[in-house]
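Report on the following structure.
The values are calculated or read from the model by the stated rules, or taken from the named source; none is laboratory data. Note that this is a predicted model, so its numbers are computed, not measured. FYI the Cβ positions are ideal-geometry reconstructions off the backbone, even for glycines, and counts take in every protein chain you see. Protein only, heavy atoms only, side chains kept; ligands, DNA and RNA dropped before computing areas. Shrake-Rupley method; radii C 1.70, N 1.55, O 1.52, S 1.80 Å.
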Amino acid sequence: MRLSHLFGHTLRENPAEAELPSHRLALRAGLIRPLAQGIYALLPTGWRVVRRIETIIRQEMDAIGGQEMLMPMVQPAELWQATGRYQAPSPGTALARFQDRAGRPLVLGMTHEEVATELARQEIRSYRQLPCLIYQIQIKFRDEPRARGGLIRVREFIMKDAYSLDATPEDMAGAYGYIYAAYERIFERCGLEVLPVEAASGMMGGQVSHEFMFLNEHGEDTLLRCDACGLAANAEGARIGLGPDRREVELPLEEVATPGHETIEDVARFLQVDRAQTLKAVFFVRAEPGENESGPDDTGLVFAVIRGDLEVNVDKLSAALGGTALEPAADPVLRAAGLTPGYASPVGIRDITVIADESVLAGSNYVAGANVEGYHLRNVNVPRDFQPDLVADIALARQGDPCPRCGASLGTSRAIEVGHIFQLGTRYAEALGATYLNEEGRATPLWMGSYGIGVGRLMACIMEQHHDDHGLMWPPAVAPYDVHLVSLARPDTPVEQAAEALYADLQSSGLAVLYDDRPERAGVKFNDADLIGAPVRLTLSPRTHVEGEVEFKLRTAPDAARVPLAPLDPLLGRIRKATGN
RNA sequence: CGGGGUGUAGCGCAGCCUGGUAGCGCGCGGCGUUUGGGACGCCGAAGUCGGAGGUUCAAGUCCUCUCACCCCGACCA
């Protein structure tokens with residue numbers, strides 16, 4: 001490509017709107033241009049990078065038996081209604097909805113589980129066809145509440161998404177393992193350091209889920225990491241260790257007056273006990289009460305009990321209750337249910353769903369509310385004094401909490417999620433009737449997995465990891481061009497002819513070459529070469545040409561070398577060594 | 001949706017407080033000189049000052065509303 005005619009010019013100054021290096025450099029190098037909030041055009045140079053990333057993804061997905069296809073971006077709302085995500089609060093307004101001329105409700109695909117499952121329903125009949133792995137590289141649209149950070153979080157974006165179809169949970173877990181390994185190879189080949197972590201599955205549902213995280217201070221996710229044993233997890237769903245078991249001989253229940261002491265902090269100080277020796281009561285109401293949920297009530301009230309030194313993670317609580325949306329309960333609601341705010345107690349509660357954190361079981365003789373204004377109870381024990389409807393991990397993990405594996409103190413890092421994989425189970429298959437006939441001839445729901453990589457976000461992360469003060473420094477495998485050829489020749493001179501000839505030779509040997517044929521001064525050209533960041537820079541000038549040489553410089557190296565122009569092979573060898581092409 | 005910030009030429013910005021002929025740098029076009037790390041000189045083109053309404057003899061500047069973009073949060077993969 002001749003730089004003189006390249007569509008997409010470099011910017012000499014930093015655009016005011018860009019703060020992140022990847023955003024700033026992508027704009028300055030002419031890779032992307034904004035069209036609206038969170039919506040970007042990929043200019044030719046940026047598109048070349050995307051295509052090279054996609055090539056790596058295709059190779060690795062094909063290598064594990066993936067079959068590439070293309071699913072529609074516009075989808076009938078019925079599919080989303082069938083799985084419940086159309087009405088669920090979780091994707092909510094991020095799911096863009098519209099109607100066609102006949103008034104039929106449609107959505108823009110923000111992900112393709114529904115379509116993949118619907119297609120599987122049509123295509124998969126027998127266990128003999130399984131397993132299957134389909135994938136696509138498609139544009140998604142999510143009407144994000146807040147796009148940010150250039151390509152880090154956008155509304156329209158390119159995603160590689162894959163769906164595994166299996167006969168059994170074991171086979172699903174196996175496919176998950178293959179894809180996990182393929183993801184590690186993809187990121188490795190793209191030159192990106194990622195950290196796989198345990199994740200919450202959020203609106204996707206399912207149990208097992210991992211995110212591939214790029215550690216970056218501008219990331220929007222917080223990871224909890226254990227330096228001692230290497231465990232890492234997304235803070236939003238992370239488990240924590242419970243600390244030493246505090247169970248002792250159970251003492252008789254007794255009521256104590258605690259007038260005016262309503263918070264855990266207060267009560268613990270007043271009664272001279274550790275906060276971990278108290279029980280905290282937190283209340284929520286279901287956003288859609290009354291449905292066929294577990295629990296004996298129809299008030300929608302949820303009573304969460306957790307050890308006093310911990311906090312409730314609402315997402316975990318919601319997931320433990322089967323994905324119900326929860327809102328904090330106001331005091332009047334509690335009073336109406338016969339509870340005493342500030343002194344509420346799980347002891348003696350009826351007709352309200354009580355869910356206890358696992359931490360509660362690891363201790364005894366707790367201080368809890370007495371459900372009477374101004375009184376608490378000492379020596380509350382489970383299950384002697386109250387029996388939770390459900391015991392689950394609903395604790396919020398925080399910096400400094402003990403590691404669930406080794407007990408050491410957890411630290412935090414910010415990170416960007418570049419890939420996310422889920423074991424979905426049969427949720428989608430059951431909702432849409434995607435079944436196969438097993439060996440006994442019985443219709444059985446498919447076990448599915450879902451696997452995503454944000455291609456543009458991956459490109460942004462690569463730029464975050466590979467740049468310096470002058471510009472981008474592409475890993476050779478994803479660079480937009482292998483060679484940036486700088487001609488410092490005057491017009492209509494033998495040097496210019498030599499540069500043209502070299503450009504032609506490099507191209508015909510299969511290299512991707514960006515040829516700076518503009519009548520600019522050397523400084524301008526070198527700075528643009530540094531900005532665009534091709535791995536190899538070749539410079540042809542009168543100075544080198546009289547020696548029959550060309551200057552060879554790696555973007556990542558400080559110094560240049562002289563290489564003879566003829567014969568060409570040594571030069572080509574050197575370029576190939578540097579670019580891997 | 002809450003909090004904060006910014007909208008003036010293609011880009012980066014000043015001018016606004018204290019109302020009175022719209023500026024600077026870069027870029028862009030022409031001519032000349034220069035030619036290995038963002039050259040120099042001369043000439044030139046380019047602006048509904050985000051939009052609407054208001055106050056005023058007069059609004060880029062003051063007031064009201066509104067839109068867009070950026071950052072933090074909520075939310076989210």
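Some points to look at:
- With protein chains left intact and a 1.4 Å probe, residues in region A:254-392 average 44 Å² of accessible area per residue.
- For region A:473-479, Karplus couplings with θ = phi - 60° (6.51, -1.76, 1.60), whole Hz, Gly/Pro x: 9, 5, x, x, 5, 10, 5
- Calculated P(r) tail over 19 Å for region A:70-162, as whole % of Cα pairs: 48
- As a rough guide to protection, the peptides A:416-424, A:141-149 ranked by mean Cβ packing within 10 Å, highest first, stand as A:416-424, A:141-149.
- Residue-normalised accessible area of region A:61-149, given per residue in Å² at a 1.4 Å probe: 50
- Number of Lys-Lys pairs in chain A with C-alpha atoms under 27 Å apart and a separation of 8 or more places or on different chains: 5.
- Over all pairs of different C-alpha atoms in chain A, the reciprocal of the mean inverse distance, the Kirkwood hydrodynamic radius, equals 27.6 Å.
- Relative to the longest principal axis of the Cα atoms of chain A, the long axis of helix A:569-579 makes an angle of roughly 10 degrees.
- What region A:394-536 shows is 37 Å² of accessible area per residue, with the surface traced by a 1.4 Å probe over protein heavy atoms.
- Chain A - percent of accessible surface contributed by carbon and sulfur, probe 1.4 Å: 49
- Protection proxy ranking, peptides A:36-47, A:477-488, average beta carbon neighbours within 10 Å, highest first: A:477-488, A:36-47
- Degrees, to the nearest 10: A:113-123 long Cα axis against longest axis of chain A: 80
- Cα-based helix-to-principal-axis angle, A:494-508 vs chain A, degrees rounded to 10: 50
- Peptides A:73-86, A:111-124 ranked from most to least packed, by the mean per-residue count of other Cβ atoms within 10 Å: A:111-124, A:73-86.
- Rg and Dmax, both from the Cα atoms of region A:476-572 and both in Å, are 12.3, 36.
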